[in-house]
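The values are calculated or read from the model by the stated rules, or taken from the named source; none is laboratory data. Every value quoted in this text rests on a predicted model; they were computed, and no experiment measured them. Ideal geometry is used to build each Cβ from the backbone, glycine not excepted, and the neighbour counts take in all protein chains shown.
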Ligand SMILES: [Cu+2]
């Protein structure tokens, strides 16, 4: 094998090892898929964080809090219809992740609310978030910043 073809073979292997789809992280019995956020405009102080959590264990767990160095505070939020208007509110008792179930944090439903952003979330970048679960404890993730409009429509997101 020539040096060039060896290099090409290594490059091909590296490309094959890169996940084409979303990042998936396993922590104990929890599998967390595609942690992402929307890009924010300069001066925008809040952003949403989304992911799905699958509990492959036999015991229920609960997402109780989250922190990130890019935000002064991270809250757990839900959205629901209230008199024909979508409203979001903080969930103080956490988000249940029942045994054997997948819980999606997505636009229009449960989400992480990144408050007091220290810098804009720039398209294509990633930033760290630590989730804390009642049972599993701390789980560190990297959130990928996706374009505005990614993940479906929900026009009022981010307005507080
Ligand atoms: Cu929110």
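Side notes on the structure shown:
- Number of residues in segment 35-69 that are under 15 Å from the mean Cα position of the chain (by Cα), over 23 Å from residue 92 (Cβ atoms) and without any contact (Cβ under 8 Å) to a residue 60 or more places away in the chain: the value is 2.
- Under the condition of being touching a strand residue (DSSP E or B) at 6+ places or on another chain (Cβ under 7 Å) and within 16 Å of residue 133 (Cα to Cα), the residues counted in segment 51-98 number 25.
- Single condition residue 156 does not satisfy, out of (1) part of a loop (DSSP other than H, G, I, E, B); (2) at pLDDT 95 or above: (2)
- Test: residue in segment 96-114 that is under 14 Å from the mean Cα position of the chain (by Cα) and farther than 30 Å from residue 59 by Cα: no
- Test set (1) surrounded by fewer than 17 Cβ atoms within 10 Å (Cβ to Cβ); (2) within 16 Å of the ligand (Cβ to nearest atom); (3) under 14 Å from the mean Cα position of the chain (by Cα); (4) free of Cβ contacts under 8 Å to residues at least 40 places away in the same chain - residue 125 fails condition number: (2)
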